[in-house]
Structures are given as C-alpha cells and as structure tokens.
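The values are calculated or read from the model by the stated rules, or taken from the named source; none is laboratory data. Since this is a predicted model, take the numbers as computed values, not measurements. Glycine also receives a Cβ, built like all others from the backbone with ideal geometry; neighbour counts cover every protein chain displayed. These accessible areas exclude ligands, DNA and RNA; they are computed on the full protein's heavy atoms, side chains included. Shrake-Rupley method; radii C 1.70, N 1.55, O 1.52, S 1.80 Å.
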2 protein chains.
Amino acid sequence: MKSFCGKMLEVDLTSGKAKNILISEEMVKTYLGGRGLGARLLFDMLPAKTEPLSPKNVLIFLTGPLTGTMVPGSSKFVVVTKSPLTGGWCDSYSSGRISLELKKAGYDGLVIHGRSNHPCYLRIDEKGVQIREANLIWRKDSFETERILRESEGNAPVGISSIGPAGEKLVRFACINSDLYRQAGRGGVGAVMGSKNLKAILVKGSQRIEIHDRKEVVALNRLNHKRAKQSQVAQARMKYGTPLTLNITHTGGILPTMNFQYGTWEKALEKIDSIGVHKSITAYKACLFCFTHCSFETRINEGKYAGGVLEGPEYETLGMFGSNQLIDSLPTIIQANILCDQLGMDTISAGNIIGFIMECFEKELLSSKQTGGLEIRFGESEASLAALRMMAHREGFGEIMANGVKVLANYIGNDSNRFAMHVKGMEFPAYEPRGAFGSGLSYAVSPRGACHRRAWPPAKEILGGYPPYTIEGKAEMIKALYNENGILHSLLVCDMPAKFIPMSLDDYSQYWHAVSGESVSKEDFLKISERIETLIRMFNNREGFTRKDDFLPYRTLHEPLPDGPAKGQCIGEENLNKMIDEYYALRGWDASGIPTEETRRRYGLLGENEIQ
Amino acid sequence: MKSFCGKMLEVDLTSGKAKNILISEEMVKTYLGGRGLGARLLFDMLPAKTEPLSPKNVLIFLTGPLTGTMVPGSSKFVVVTKSPLTGGWCDSYSSGRISLELKKAGYDGLVIHGRSNHPCYLRIDEKGVQIREANLIWRKDSFETERILRESEGNAPVGISSIGPAGEKLVRFACINSDLYRQAGRGGVGAVMGSKNLKAILVKGSQRIEIHDRKEVVALNRLNHKRAKQSQVAQARMKYGTPLTLNITHTGGILPTMNFQYGTWEKALEKIDSIGVHKSITAYKACLFCFTHCSFETRINEGKYAGGVLEGPEYETLGMFGSNQLIDSLPTIIQANILCDQLGMDTISAGNIIGFIMECFEKELLSSKQTGGLEIRFGESEASLAALRMMAHREGFGEIMANGVKVLANYIGNDSNRFAMHVKGMEFPAYEPRGAFGSGLSYAVSPRGACHRRAWPPAKEILGGYPPYTIEGKAEMIKALYNENGILHSLLVCDMPAKFIPMSLDDYSQYWHAVSGESVSKEDFLKISERIETLIRMFNNREGFTRKDDFLPYRTLHEPLPDGPAKGQCIGEENLNKMIDEYYALRGWDASGIPTEETRRRYGLLGENEIQ
C-alpha cells in the first residue's frame, strides 16, 4: 500500500539486536496504523501482567497511513505501551518531525524491547539503527539533550524524541519530548523509555514518501484550506489557539479551580485566557503539513523568569497550573510549562498533583514537616515551581509526588482520596465533569484513565447543544466521539483540523483514497474503530481491569459543584452506573465490561489469548 | 619509588584494547619522567619515519615524579609525539587537573596508539579505561566539550583534556585543551589526537598519591613560599602575570612588531602591556599545588565581544596578536585568545601566521582574490578573527593557513619565505632574536622548532647582563638553560616558580628526596638532562633532521632590525654557524649535529637503533 510501507523496526536493547518486522496490507486494512495497529501489536507482543517498568514492557512508536503525506495534521505519532501510571493500556500522542523522518527512513514505526545495560540513544536512518552511548546526554534536560543531538548531526533537519530527568527517574507521568515543545505527555511513556535506559531516538530519513495521487491530495488540501478560511471556529483557533478553550470552560462552569473544588474563576479572564495569552504571542507556529496553525510562541518579558521562551501554553496547562492552583500569573504558568518540558513531565498530571497537595495543605492533611519543608498553598507560584523540580528529580517529598495523585492520596490517607482527581491512576485533565456528565462517563470508561482526547468534553455538552447535566444519550454520544477520534488517531492525523475546519470521516475517506488508492467508507472506518476499542478493552481486561476500574472520584460523584452555571450538580453513583451499563451494551460488552463472544466474533477477535 | 607508581596505561584505538605498561625504577632514575621518559618511549615505540597523522603515530601523555605532590607548579603534564607541524620531536606542556587525576587513578601516563573507526573519548579511572563514543561532542568547541563531559560526571572534579574543531580538522598547530584555558599548545599535538579520532580524555582518580616525607615537602613549601614573598620578581609576576614580559621585550627591543619587521611598539604600552592588562584583571588564578599565582582572569566589558571571559591572555598571545599584528585593542586580543582556545589552536602559531599574511598583503604578494575575499592588513582585528575561524575549520583559504607558515610561504612563493618566521616549520614565538643572538641559537637548535620554553630569551640577554648582540658564550649559555629546564620538564614542574622565586636544581633535589626518599645531586640531574637532549637529537636525526634544519629565517640572519635598542642588528649566517658549531661541540655532537659514539656511550645510548 502506498504511504504505508509495511516495515517496522524492532530493537531489543537487552541484546543490542535489531530486525525488521513486516506488516501486511491486510493488517493495515484491519487496524489502519497508530492507535489501532498499536493495540494489535501491544496485545500480541506484551506478555500478560508485565510490570510496566520492567525490561519486558514494550515501547512502540507508530506513525499512520497518512503520516507525511501533506494531509493536514499528518505529522503526528503515537507511543503505545503499558502505562506505569495506570498499569493498563496507554496511547500517548505527539506531533514531531520524527514521524516524518521515520517514514523517510523507510519505517512505519518502531518497537523497543528490553533494557540497555548503559544509557543509550538510537540513531536510525535508511541503513538501520545504531544503539549509541548516551553518557553525555544522560541527566540533561530535554532541551539540552535535543540541542546536543541536533548539533551532532550538524543541525541538519532530523527527528528527535527524548526524555528529561523525570523519565530517567521513572516519574510515573514522565513524557517523551519532540522538537522541544511537543510531548507525548500522558500515561508515563517517558518513564517506560527511561526504564529501558533509552534517553533519545534520533531519526534521519531521505527517501521520498510514496503517495498514490499527489495531485488529489493537493486538491483536497486546497478545498479544506478554503473551508478553514471560511470557518469562524478555525479562524478563532488560529488566532487564539487552545487558550480559547478556557473561555469556553469558564463559561460552561467546567473550568477546574482549586483542585476541582469550583468550576469557574473570574480572575482567569483577560489574564490567563485567550485574551491574556494572545497579548504574549510573539509568533504563530504550525506543525509540519498543517495549515491550521493552532500553536504559537510566547516569551516571558519581565520578572524573575524573563527571557523564557515557549511554544504554548496550551489550555490544559493554563487550567492545571492556573485556575486549578489559583495562579493568575501568565509568566509563572509559562515558566511552569517550560520547566515541565525541560524536566520531561506531563503538565496535566503535574499540575493536578500540585493542586491536590495545595488542597491537602488547605485542609491541614499535610504539613511542611511531612514534605521536608515544602509548603504549597493555592496561589503560591514559587512553591509550585519548586515542587516540579522535586518531583522530576524525586528529591525529598518529590519521591512520593512522582508516583501520581493516586499513590499520593494513599500515602496521605484521611479520606484525601475523595478529592484525588484521577481515574485508574491517571489525573483528570482541565475539565470538570460535574458540569458535563458525558465527560464524566468518558473519563470513567477511557482505557487509559481520565482522558479528554478521545471525546473532547466541551464538544457536545457545552458547544453542541446537548444538555450537560443529564445522562440521557451520553453513552451513545461518547461512543460516537470515541469511534470518530479512534479513526483519526489510527490514521494518525491531528484532531484539531478535524474539529476546527471541520473535517468529517468522509473527508478522511477521500484523503485515504488519494494517498493509498484504496477505497474505504465511513462505515468501514467505524467498524475498524469498534474493533480497536474492543481489542483495547480486552487488553485491559487481560491486565486485570474490571468494571470497578471504570469509576469516578468521590468528589465528582457526591459533592455538588458550589459555583457557576453547573452549581449544585454532581454526577452520582447511580447515574454513572447507568451510563456505563448503556455504554457497555452499545459496545457489545457484558455487564462486567468484558466483550462478549459475539462481539469478539464480529470484529475478528475470537481466538485471542484467553482473558486471565 | 614513592610518587611515581611505575604504571602507564597503553591504549590501542584501532583494536580497542588496553593494557598496563610497567616502568622500572631504573628507568625513572635514568630519565625521570615527563620529557625524559617521553623521549625514551617515543624513540622506542614509534617506527622510524612514521607519518605524524597516520594511525601509527604515538600520542603520549606523561606526568612526572613530582606530579601531584604539592611541590609548587606540580600539576603539569606533557604530551609527547611526532609533530605534524615539523615532522620531528614534539613535547608540549600544559597544566591541568588531568595530571593529578591520572596519578590518583594509579597511572604515571598514557600511551595512545592507532585510530578509532569512530569519534571516541577515553574515560579512565582506577578500574581502567573505557573507549566511549564521542558522536555527541565531535564538532563541538573545547569549552562546550568540556562542559558536556563535566556534566556527564555530575560536575565532580575530574581531569579533562580535549581537542576543538581545529584538532578534528588536523590543523597542524592544533592544541590540546585542559580545564578550559590551559593548552598543550605547540607543535600540533591536537592534530595527532584528532587523527586518532580521539576527542577527549576524561580521568577520575581517587587514590592517595604516596609521598615519602609529606612533612618535608610542606616544610620546603613553607620555605619557598617565604622566599616568594621576599622576591620582587615573584611579587611582580603575581601582580602582573606574564604580560610583564611585554614591557621587558619592548624595552629590550625584541617585541615582535608587524611580523618581526620591528622590535618595539610604543602603542602597546599601557594598552596591551602589564599596565593595560592589569586594569582588566577580575581575579587571580593559580594552578593546583602552586602558590605563585601567575595567572588571572580577564573579562571583556564593552564592545562587540562584551561578556567574554578568559584566563589570560599570556604574553605570547599579547605579542603575536598585538604588536605582531599591530592591534592595540585588548578586548580584541582577549577575544582572539578565547577563539583560539575554543577552536583548539596554538595562539603563537595562529598569530604568527596572520602576521605573515598581513605582511604579504602589505607587500602585495597576496590578493583577496587568492584568499577568497579575505583581506587581512596590519591592525585589522575583524579580519584577524575571521582568519582564525577559517583556519580552524579549514574553510576556503583556511585550508592553506591550517598547514602553518612554512607551507603557506611555499604556496605564496615570491621569496615570501624570507619573512616566514619559523624554524623546522614551527612558528616563532614573541621574541625577536635579532635583539638577543642567543635566543636565535636557541630557536635554531631546539629539537621542536622555534621555541622559547627551553631557554627563555630575556633571561640572560635582556635581564641577566649578558651582552645581547654577540655570539660569545651563547652556546654555553643556551646549553646550560636547556639542561636546567630539561630537568624541570622531566620532573614535570612548572618553570615559572623556578624562575620567579627563584628555585634552583638544588631546591628540586631537596624536593626529590622529600618525595621519593632517594638522593640525586644537581650533577646527576645535569647528566640526565644531557642524556635526554642527546636521545631527542638522535630521534630527530632518525626522522631525517640534519644540521641544515637548524636554521633561521632570512630576515633574522640578513635584514638589520630598523628600530629600538637593537637597531641595525641581524645575526648573520656566519655568526649562527659559529654558535651552532660551538653548541654541537659542547653537546658532544659532530659537525653534522649527530651525537658521537663517545657521547652516546657516556649517556648509555649505544645500541640504539642505528640512525637511518
């Protein structure tokens, strides 16, 4: 098939050996690439119940069949592994030049096994892979690592993904950085990379990526570019970027404030929202192959952190370091973001954890004696930044923080788990589900934990006219969103242009044809998505996840939201259970959340390893 | 023997194998260490007529029996090899923590053979040596290289020697840098290291260095410290450092000006001399184990290069980049020095070459057409700095400059070799021999080419009351200076404290006893020195050097100096020949400069490989 060359590079860091794996065309038609192919590979390659940070875990980098084909948002890749944060399925997305370079080097992806007996990095090109010593970049932050690696290639354009100190120290929410400011952020994929003693991956390709009908891709791009120009949403997003979301969530009453105690924060407005951030934008940025430049660069102009430069901050960071911590200083949030990027940590989990600790101090469940002197109260930005360094390096109390909010709440005890905002161990992102019940369901059933990427919370319940404080139709809504995004994440195109322009699965069907010469309908896509979702569910079941893991924290279920448009709302256990029942039924899973034999047969998933 | 453990590390970069070589006590008593032992090892290990930049050349790092013993100036080491600049003997000295760390790791020195098939660096400790990949530091400047290596050791105190881009590009006067600002500068030892694909050597030791009578060393130090306090010379040197020399050479009329056309330069005074430099000193510096802090730090406070920090500049750099190029801007000279250090080039050779090119432009023997646009005229500092970058990277005309002034003059032709100021291919340092005939002899007969370190030119003829413009007694004077310094350079102590305090060979005899428990008289020392000098002569003879190579440039011999106290003087061919005859006779060498059988017998050098 054009554009998907069917070759993956498999490296065993324990033995130092590498080989190619061939992916059949049939496999691509069954699972596409990215998320789907990743589900298939992880299920097949990972021994059941593998400890995520053991050498036996598998770290998979995947592109998709549209990667590097000029399709808008087609410079993304996904890292698939078993998460050290949740112990379950993890797919973590990023954009980065590495996706393009992998393709140009003749690979659709990369499968990494084992553990090197010394710090190493991979250098990949058409000739294959070299496992090189990384003594000189080990302990360096991600920016420095990337700089040194780029310079080692004479600053030629190469793709680089790396981990920071947090990944080396196995911080359970460590991320993988690419092109400085792009992160495969969620689920601790950076810790898995660190556990393999793998500091970085450098890829340099030079082959042309084959496309069935280049002219047709260009024609579709022209059409969609025109539509983007006419789209008010796209125009607003290109002007304001994701910070626009803060105005949407504040208006909808789902802006997490003070560790999800409240759902609105007036002080955020014009300071850390679209208006506030817009004033600090120094340049607009776009990923490779994307004309919807939703990204931008900001610069800290004054104060202690003057000079700091960032691509971002994105909404999630504004929410988790801003309202959630009661910090209204944009320079502080930018600095926190830079620090997280350099240290190699997910801003969402890190910000959530700090917010949780702030609430623990507020409630006097934690004292500075316990934290070795660190005292973090809502609104105190210096302490927040200090906490980031501690958790990244696992210094002092950072040793506890580095394991995520779930472990932290267990450590602190005293019912603090009631407001430890996570699902399956993965921290909530910056959307308050009490103001959008469907997003509560989405958090609960998402296979990777509390996740906003498979069904963007504001899409329907704030912006789409769906009543937010009911459970009716939410299971169907969430399933539809999951299925659609499942395709984007398997073709491996960014969901931003899809949302902004907007582009439907029919549009991607046209791109698919232009790129591969093959025809696939929207219906085919949706069936593939169902298959993928079921397989991932089976993977999690195999790893020990049952219905009880599809849960929401006490606060979300039982504490009414005290402010904003959703004042008085909480989801309630009964509501959640009803939504889950309905969701399972729609998926063809039994009441325990296990795919039925009939469902498995329908998607060709019979004969898999029995669930253990 | 205490303090000299008798163990050397031998590494073959071609095979990747390493082993220990044991040095007998007898060998130490016969050759001491440093220069002497280096002569023995190079003579024995290097196949005759080896091409200096071939894998067969041997690169030897040596400490001495006083290294790391608290004796003043005992943190020096020497690099011994066959020079790519002269094709003959090369010993190049530097101070640096690496000398101490080598001792602490249990080694007296390091012998490097072969060529790695990839850029590498060595990491050495008590457990031995690792040949590590250097992809990530290859192409980096010396400062950056050292920074990255230090960080890779968590910034623990380690010894590091490295090459810059000039060494990688085999620039024939590339140096080896240690501790940022210390260079084994002369003779192209950095190019030999580069030719081996060896970017750096990192040494970390932790053993205690054994000393026979530590109390006695401390007592001697106390005595000499007291003497240093009472010495006006030492006090002046500690206040002004080597820039004081500029005032001495200007006064004596031997300050090279405009590529050795003149011997004085009024404009240098109070700008780039002791007074001028003293104003820019921001801190004083001393090497490890030295209480005569002759070094200092300067900072560029304004202009284009503001912010530049340097340990230095030393006199040689002030002379070769200042008066010799007619540049009276201290910031420019500091910047040139920083650049040379970063790029890894000897400031003396580089400054000399640029001065030569300036004269070629002045005499219209060279046009910017030939140099690819570069036009360098006396006093033009920007062009001078640009030339440094070009030669280090061998860009454009830099390809020619990188081979030294001898090759450059051959390329330019038109009798430009008459003012190509070098001996055996090694560029003159900053002393004009027409104002000190003995130093002319010293340049001519020094085995490594035009060298000021074995017999410091101003010592006797400017400051010592010896008449400068005669040849009488100069051979004996030079021999005596060579012999004394030969011991310092074999014990491997710095000659600065020896000169400033001053300390005699009797003083070092006392230190030797305190350190080793053995007795050696001044007479023993001098015999050893004669032996060493004869062996080195034999080495050079073997490599093809004859009396014709003990020469001086046309300008020095035939063009009367036009200014200053030495106005009207030039050495003349007859004078030079007489001094050389006398020098050979005093050494026991025949009229062709070949040690006689009797001489070789006297120093135990019979039975060596026959001279080829």
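Values for this structure:
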item	result
Karplus-derived HN-Hα couplings along the stretch A:149-160 (A = 6.51, B = -1.76, C = 1.60, θ = phi - 60°), whole Hz, x at Gly and Pro	5, 4, 5, 5, 9, x, 6, 5, x, 9, x, 9
Mean Cα-pair separation over length for the stretch A:416-494, i.e. relative contact order, pairs under 8 Å, 6 or more apart, %	28
Among the listed pairs A:Lys104/A:Lys239; B:Lys229/B:Lys267; A:Lys229/A:Lys522; A:Lys499/A:Lys522, those beyond 21 Å (Cα-Cα)	A:Lys104/A:Lys239; B:Lys229/B:Lys267; A:Lys229/A:Lys522
Solvent-accessible heavy-atom area per residue, rounded to whole Å², over chain B at 1.4 Å	33
Counting DSSP beta bridges with both ends in the protein assembly as shown, the antiparallel % (nearest 5)	80
Karplus-derived HN-Hα couplings along the stretch B:498-509 (A = 6.51, B = -1.76, C = 1.60, θ = phi - 60°), whole Hz, x at Gly and Pro	4, 6, 7, 5, x, 10, 9, 4, 4, 4, 5, 4
Between the stretch B:218-249 and the stretch A:423-486, the alpha-carbon center distance in angstrom	78
Residues in the stretch A:134-152 occluded by at least 50 Å² - accessible area, probe radius 1.4 Å, against chain by itself	A:Asn135, A:Leu136, A:Arg139, A:Lys140, A:Ile148, A:Ser152
Teacher prompt: A:Asp563 distances to equivalent labels in other copies, 7 Å Cα→Cβ, nm	7.9
Inverse of mean 1/r across different Cα pairs in the stretch B:433-602, Kirkwood, Å	16.9
Cα centroid separation, the stretch B:504-527 to the stretch A:1-30 (Å)	71
Cα→Cβ-extended label distance, 7 Å offset, between A:Asn410 and B:Glu297, nm	4.9
Kirkwood Rh and Cα Rg combined as Rg/Rh, the stretch A:236-427	0.98
Relative contact order (percent, whole number), the stretch B:7-203, Cα cutoff 8 Å, 6+ residue spacing	23
For A:Ile275, net neighbour charge (Lys/Arg +1, Asp/Glu -1) across residues whose Cβ lies under 15 Å away	+1
Accessible area buried at the A-B interface, both sides summed, 1.4 Å probe (Å², nearest 100)	1400
Antiparallel bridges, percent of DSSP beta bridges restricted to chain B (to nearest 5)	80
Within the stretch B:7-203, percent of DSSP bridges classed antiparallel, to nearest 5	80
Carbon/sulfur fraction of accessible area - the stretch B:236-427, other protein chains in place, 1.4 Å, %	48
Rounded percent of accessible protein surface that carbon and sulfur make up, the stretch A:7-203, 1.4 Å probe	49
Shortest-first nm distances, A:Leu586 label point to equivalent points in other copies (7 Å, Cα→Cβ)	10.2
Listed peptides B:508-520, B:245-257, A:116-128, A:77-89 by packing density, highest first (mean Cβ within 10 Å)	A:77-89, B:245-257, B:508-520, A:116-128
Per-copy distances of the A:Arg150 label point, shortest first, in nm (7 angstrom along Cα→Cβ)	2.4
Taking chain A and dividing mean pair separation by its residue count, relative contact order in percent (alpha carbons under 8 Å, at least six apart)	16
Label point distance in nm, A:Asp563-B:Lys304, each placed 7 Å from Cα along Cα→Cβ	5.7
Listed residue pairs exceeding 22 Å between alpha carbons, taken from A:Lys76/A:Lys460; B:Lys19/B:Lys204; A:Lys215/A:Lys527; A:Lys7/A:Lys424; B:Lys76/B:Lys285; A:Lys199/B:Lys169	A:Lys76/A:Lys460; A:Lys215/A:Lys527; A:Lys7/A:Lys424; A:Lys199/B:Lys169
